[in-house]
Amino acid sequence: MSEIYRSVMLLRDVEDLSTEETAQILGLNTDAVKTRLHRARLLARKKRDTYLRASRPALEKN
């Protein structure tokens, strides 16, 4: 995940900062923070789903 998405996701979801606080720290407007957070979550979900699909055959062998 690129830094522009990772930093927003880290501040919002890990550090639990508000949209306004995140925008101020990153020098963005709140709409940009919301858009980047949405895209970051989509990317994270896609990566998780890909990982789970790839690990499923290994689990079925056991």
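Just so you know, all these numbers are worked out from the coordinates, no wet-lab data involved. Computed from a prediction, not measured in an experiment: that's the story for all the values here. Here Cβ is always computed from backbone atoms with ideal geometry, including for glycine, and neighbour counts include all displayed protein chains.
A DSSP coil position with no more than 14 other Cβ atoms inside 10 Å describes the following GluC sites (Glu not before Pro) in the chain: E15. Pairs of Cα atoms nearer than 8 Å and 6+ residues apart set the relative contact order; for the chain it is 35 percent.
Modelled this way, with points 7 Å down the Cα-to-C-beta line, the labels at T50 and N29 are 3.2 nm from one another. Once the Cα-Cα distance is subtracted from the 0.36 nm per residue extended length, the H38 to D13 segment shows a gain of 7.9 nm. Computed from Cα positions, the angle between helix 30-61 and the longest principal axis of the chain comes to roughly 10 degrees.
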